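Participant: Quick one: the structure is below, and I'll ask about it shortly.
Laboratory data are not the source of any read-out in this text; all were calculated from the coordinates shown. Everything quoted here is computed from the prediction, not taken from an experiment. Because the Cβ atoms are built from the backbone with ideal geometry, glycine has one as well, and the counts that use them run over all protein chains shown.
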Amino acid sequence: MLTVFLLGGVFLSFQREGFEKAGILYDFALLVSTPPQRAIHWVVKNAEDLFQRYVYLLAVQEENDRLKRKVEELLQERERLKELAASADRLRKLLRLQKRLGWKSVAAEVIGRSPYPYMRTLIIDKGTVDGVKKGMAVVTSEGVVGHVIEARRSSAIVLLITDRNSSVSVLLRSSRLRGIVDGRGDGFCSLKYLPLRGDVKEGDEVVTSGMDGMYPKGLLVGRVRSVKREPGRFFLDVDVSPSVDFNRLEEVLVLLSPKRRS
Amino acid sequence: MKRALGVFFLGWSYLILLGGALPFLPHDWPYPDLVLLMTVYASLRLSRYGWLPILLLGILQDLYAGTPLGANAFSKLLIYFLIRWGAEKFFLTSTAASMITTLLAASLDFLLFFGILLLLGLSPPLMEVRALYSWGITALSAPFLFHLNDKLLGSWQRSGRLSSHEVGQVQR
């Protein structure tokens, strides 16, 4: 009892002499309490952080998923727009060709190819209801594709210029020599009936002559690939590479009839 | 009859699928002659009315390809009856035999088409590497397509008589 009393007196005397002297006790008390408090604070803080991060991550994950979907949608949209732009570009070229040719024509889409390996034909999505008839020329902005060999109600079959049964009356753009371009069946054509002394060289442009009554004059058919002069023969042996890339053929123009000039 | 109709509709679907898919493939790539494959299949697997789907598929192939109407119908029917005749004499239903039969049938089909175009005064196709590739691909596709056909036509009612394929199975 006395000890407690004395201790109380000591504490009171510390109070009376100022805060500085009591600092030792505070220091001691703080020294003892700080580590566990720090530990508790660390645990609570980290738990809180962890919780917040978890909640945040959940939200981030949701947002991430949403953004991924958005990116996917935008990529698809971009591809679609690129496809549309490319299609519009091709159609614009066809339209320009249509205006330049001065022929009534109809644009058609290539929807199929010959299921028989020995025929080089295409199926287009325009037929007799659109005015397409047998014998009409089919072209693109790159040049001559072929002509219609069968026309049905809503589709038609086009014989490519590379088929063995195709012939086009042509002339060489530079030398104006006339000849016939026949399909070879192997993706190339032969230019026939050019005189042996004719001025023909590789790269010369071969254009339609308009003499066959099927193709308008001046349409690009292809370029001379090789020229062989064999003595003892009447004509040159000329190979022609078609100007149209049949691997990338999507839209074509069917020439219906020449426009009447007023 | 039901199975024969099944072969026809299956062959027609293949024709449409192939014709629609081809514009997306390089122009000079060889591809199998599906009607010829169906012809070999029908001659080895169908006993009665096998000629009917082949006649119709041949006409359809002529329509889609722009070949003279009847050219493929004639050549495919002839091949059908030849293989049926051969199947009575030889065992043609094994995988190797069906591939060899298809290869021979493809070459015969080419020759027949060549002859028909010559007769009609048209330019026949060239005997080039692409044609040979086409025969090869057609022959190689035979076992896969026959297996697929068997699976797809499995639910169809079998015709009354045993087919040469079934006869072969019984003999084994």
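Participant: Which FRET efficiency, nearest 0.05, do B:Leu25 and A:Ser257 yield, Cβ-Cβ r, R0 30 Å?
Facilitator: Once rounded, the FRET efficiency stands at 0.30.
Participant: Right, another one. Could you list the trypsin sites (Lys or Arg not before Pro) in the stretch A:210-260 that lie in coil according to DSSP, counting only those with at most 14 other Cβ atoms within 10 Å of their Cβ?
Facilitator: A:Lys217, A:Arg229, A:Arg233, A:Lys259, A:Arg260
Participant: In units of 2.2 N^0.38 Å, what is the alpha-carbon radius of gyration of the protein assembly as shown?
Facilitator: 1.78
Participant: Hey, fewest Cβ within 10 Å first, where do B:Trp12, B:Trp29 land in order?
Facilitator: Ascending number of Cβ neighbours within 10 Å: B:Trp29, B:Trp12.
Participant: Order of A:Leu58, B:Leu18 from fewest to most other C-beta atoms within 10 Å? It would help to have the intermediate numbers written out before the result.
Facilitator: Working: A:Leu58 10, B:Leu18 21.
By the 10 Å Cβ count, ascending, the order reads A:Leu58, B:Leu18.
Participant: Quick one: of B:Lys89/B:Lys151; A:Lys93/A:Lys133; A:Lys134/A:Lys217; A:Lys82/A:Lys134; A:Lys126/A:Lys201, which pairs are farther than 30 Å apart, Cα to Cα?
Facilitator: Beyond 30 Å between Cα atoms: A:Lys82/A:Lys134; A:Lys126/A:Lys201.
Participant: Continuing with the same structure: Where the Cα atoms of the stretch A:102-258 are projected onto their three principal axes, how long is each span, largest first, in whole Å?
Facilitator: Each principal axis gives a Cα extent; for the stretch A:102-258 these are 51, 35, 23 Å.
Participant: First select every other residue whose beta carbon is under 10 angstrom from the beta carbon of A:Ser154; then total the charges, Lys and Arg +1, Asp and Glu -1.
Facilitator: +1
Participant: Just to compare against my own numbers: the Cα pair-distance distribution for the stretch A:21-101, 5 Å bins, whole % per bin, please.
Facilitator: Here the calculated profile for the stretch A:21-101 is 4, 11, 8, 7, 7, 7, 6, 6, 6, 5, 5, 5, 4, 4, 3, 3, 3, 2, 2, 1, 1, 0.
Participant: Would you be so kind as to identify which of A:Gln61, A:His41, A:Gln76 lies farthest towards the positive end of the dipole of the stretch A:21-101, taking Lys and Arg as +1 and Asp and Glu as -1 on Cβ and the Cα centre as origin?
Facilitator: A:Gln76
Participant: Hey, fewest Cβ within 10 Å first, where do B:Phe91, A:Phe234 land in order?
Facilitator: Final ranking by Cβ density, sparse to dense: A:Phe234, B:Phe91.
Participant: Just to be sure I understand the model, the point goes 7 Å from the Cα along the line to the Cβ. What's the resulting A:Arg100 to B:Asp150 distance in nm?
Facilitator: About 5.7 nm, to one decimal.
Participant: Now a separate question. If the chain between A:Glu72 and A:Asn46 were fully stretched, how many nm would it gain, using 0.36 nm times the residue separation less the Cα-Cα distance?
Facilitator: That pair, A:Glu72 and A:Asn46, stretches by 5.7 nm at full extension.
Participant: How many angstrom lie between the Cα centre of the stretch A:157-212 and the Cα centre of the stretch B:1-21?
Facilitator: Using only Cα atoms to place each centre, the spacing works out to 39 Å.
Participant: How big is the dipole moment of chain A about its Cα centre under a simple scheme where the beta carbon of each Lys and Arg is +1, that of each Asp and Glu is -1, and everything else is neutral? Debye, nearest 20, please.
Facilitator: Here chain A has a charge dipole of around 2060 debye.
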